[in-house]
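Below: one structure, written as structure tokens.
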């Protein structure tokens, strides 16, 4: 009898960790009101990271399905979307830059237990985002034809695609608000709310895409323009849902009529932090464009292989971006709570988890890349280039695991200058020159470009670790 009771007790003890894991996952998806400035750091990281990861997976699914429907309209439709999205990269860079400063400031006020300050920062970021969006979106919408022409589009493409471009840029303010409001939620620790908003917006888009593109049922047949209408409708619904949550007390940050005023010091601080945040992404985007240009000298098959390889890589590291976002929120809130050591510990814990995941991914990329790329292309040459790309990048996963978390930790502290300078050194001074040198003056050829990527990421990580260890980011005031 005693043996039976002992065995039962051991079984219950063994099942508790598993039950605890499932409870954490369920709580993360449902949403939690836990104070992230105290308690288990590991649990806090998972509660923040899980909804961020799911949010990013949904966003990636939206992009894949959107491309699938548009691809059925022919090459001109695909080219219209591609050219417009390349121009829209500027809007995304600005939105992400302002989002970084928003998350950092809201997280800092939340950690200080200052809900009024968090709400003020949130509203000022909304004002700033709308102003910037209108300044970019209106001229781009009015000169959509000319912009497509500058991007190399012929008259046939411009005639059939300019409406798509006009609608996309006409919705710049909606894109900006979707980014900023979700940044507010993440900074406050409401990552599950941000996840649900994107689910709503993207699900609406997924349903409406074929309806507006092909004219299903009562919907008009708009072709590629229908893709823009569906996307704008989904995003608008997402923004309306965000404002309903922000104004009805369903989140940690609540906006009321008294917050509808300009606060110059807060706006100034947001602009200061955002400007370098925007530059961060412009530097990275420029580097990507230059790498593609270098690879293009080896032919279209090399470009196709690189495109497939890098898209696969960006998709499978989405969990890493979720963990990095969690680290940013943890840093911001704990600095606000005057707990810099806890903030530092959270970064190292998150980086450790990220390393475990990316090393596991690296093993697959290094030893079985052909299996992955075979799902995306049947051309043996394209498969070879894509497999080489994945394998070579995979060698740098361990160092990249730490670097990407460190960079987001700086952003979470409101220090966007440091990662911007790190990006300049690693991308412009290291990656681009090294890629050109190895591609043109070594036997590596296109593999030299692929090799420059993990080398640059290792440089980024080394610099980030050194600067992070100095601890100046702990004194950052925003």
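The values are calculated or read from the model by the stated rules, or taken from the named source; none is laboratory data. Everything quoted here is computed from the prediction, not taken from an experiment. Counting neighbours? That spans all protein chains shown, and the Cβs are built from the backbone with ideal geometry, glycine included.
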- Message: Looking at 280, 338, 333 in this structure, which one is assigned to a loop (DSSP other than H, G, I, E, B) and touching a helix residue (DSSP H, G or I) at 6+ places or on another chain (Cβ under 9 Å)?
- Response: 338
- Query: Take the residues of region 25-41 that are under 22 Å from the mean Cα position of the chain (by Cα) and over 13 Å from residue 186 (Cα atoms): which is surrounded by the most Cβ atoms within 10 Å (Cβ to Cβ)?
  - Reply: 29
- Query: Is it fair to say residue 182 is surrounded by fewer than 24 Cβ atoms within 10 Å (Cβ to Cβ), touching a residue at least 12 places away in the same chain (Cβ under 8 Å), assigned to a helix (DSSP H, G or I) and assigned by TED's automatic domain parsing to the domain that holds residue 117?
  - Reply: no
- Message: If I filter region 195-218 for residues that are crowded, with 23+ Cβ neighbours inside 10 Å and not in a helix (DSSP H, G or I), do I get at least one hit?
- Response: no
- Task: With respect to residue 430, determine if the residue is in contact with a helix residue (DSSP H, G or I) (Cβ under 7 Å, 6 or more places away or on another chain), more than 20 Å from residue 278 (Cβ to Cβ), assigned by TED's automatic domain parsing to the domain that holds residue 301 and surrounded by fewer than 22 Cβ atoms within 10 Å (Cβ to Cβ).
- Result: yes
- Message: The conditions are (1) modelled with pLDDT of 95 or more; (2) buried (at least 23 other Cβ atoms within 10 Å of the Cβ), and residue 306 fails exactly one of them. Which is it?
- Response: (1)
